[in-house]
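Enquirer: I'd like to ask you about the structure that follows.
The values are calculated or read from the model by the stated rules, or taken from the named source; none is laboratory data. In this text, all values refer to a predicted model and were calculated from it rather than measured experimentally. Positions of Cβ are backbone-derived with ideal geometry, glycine not excepted, and every protein chain shown enters the neighbour counts.
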Amino acid sequence: MKMQEMAVIFDALSKTVRLKVFCILLKHHEKGTGGVTPTQIAKEMGNIPRNTLSFHLSLLGSAGLCHSRRRGKTILYVPDCKHIKAVAAFLVKDCCKGECKW
């Protein structure tokens, strides 16, 4: 990944509210739910306004950290694990002479 791409990702995660949303996406992905709806996210965030949540999800999506998919009329959000692993690899690439055991 390029440095500019990393800056976009870290900028997306630099606000507490987006970091919380991202953690909710990860938590639901770990449970194997197939994704989480904006309604579920809003509830877990203390009923954040939908337009505000939509803005934050869009920004996370633009940074490559999540994507949405339709299941009937429902929109589900899931983290992009491949992209997240690339971010983690970028962070530790030069750590411990490339032998970091993270």
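Enquirer: Can you name every residue in segment 1-38 that is touching a helix residue (DSSP H, G or I) at 6+ places or on another chain (Cβ under 8 Å), part of a helix (DSSP H, G or I) and among the β-branched types (Val, Ile, Thr)?
Expert: Selection gives VAL8, ILE9, VAL17, VAL21, ILE24.
Enquirer: Go through segment 52-97 and give me each residue that's farther than 15 Å from CYS23 by Cα, at pLDDT below 90 and β-branched (Val, Ile, Thr).
Expert: If the condition is that a residue be farther than 15 Å from CYS23 by Cα, at pLDDT below 90 and β-branched (Val, Ile, Thr), then VAL87, VAL92 are the ones that fit.
Enquirer: Could you list, in sequence order, all residues of segment 1-19 that are more than 22 Å from PHE90 (Cα to Cα) and surrounded by 12 or more Cβ atoms within 10 Å (Cβ to Cβ)? Reasoning before the result, please.
Expert: Filtering segment 1-19 down to residues more than 22 Å from PHE90 (Cα to Cα) leaves 16-17.
Correct list: VAL17 only.
Enquirer: How about segment 39-80: which of its residues are in a helix (DSSP H, G or I), in contact (Cβ under 8 Å) with a residue 12 or more places away in the chain, farther than 18 Å from ALA7 by Cα and not hydroxyl-bearing (Ser, Thr, Tyr)?
Expert: Residues satisfying the conditions are GLN40, ILE41, GLU44, ARG50, LEU53.
Enquirer: Within segment 76-92, how many residues are touching a helix residue (DSSP H, G or I) at 6+ places or on another chain (Cβ under 7 Å) and surrounded by fewer than 16 Cβ atoms within 10 Å (Cβ to Cβ)? Break it down into steps so the answer makes sense when it comes.
Expert: From segment 76-92, those touching a helix residue (DSSP H, G or I) at 6+ places or on another chain (Cβ under 7 Å) are 77-79, 87, 90; that's our starting set.
Imposing the further condition that a residue be surrounded by fewer than 16 Cβ atoms within 10 Å (Cβ to Cβ) reduces the set to 90.
The number of residues fulfilling the criteria is 1.
Enquirer: Next question. So which residues in segment 25-41 are surrounded by fewer than 18 Cβ atoms within 10 Å (Cβ to Cβ) and of a type in the set (A, V, I, L, M, F, W, C), if there are any at all?
Expert: Within segment 25-41, the first condition is being surrounded by fewer than 18 Cβ atoms within 10 Å (Cβ to Cβ), and the residues that meet it are 26-27, 30-34, 37, 39-40.
Answer for segment 25-41, where residues must be surrounded by fewer than 18 Cβ atoms within 10 Å (Cβ to Cβ) and of a type in the set (A, V, I, L, M, F, W, C): just LEU26.
Enquirer: Oh, and also: For PHE90, indicate whether it is out of contact with any Phe, Trp or Tyr (no Cβ under 9 Å at 6 or more places or on another chain) and in contact (Cβ under 8 Å) with a residue 60 or more places away in the chain.
Expert: Details: out of contact with any Phe, Trp or Tyr (no Cβ under 9 Å at 6 or more places or on another chain): yes; in contact (Cβ under 8 Å) with a residue 60 or more places away in the chain: yes.
Yes: the conditions hold for PHE90.
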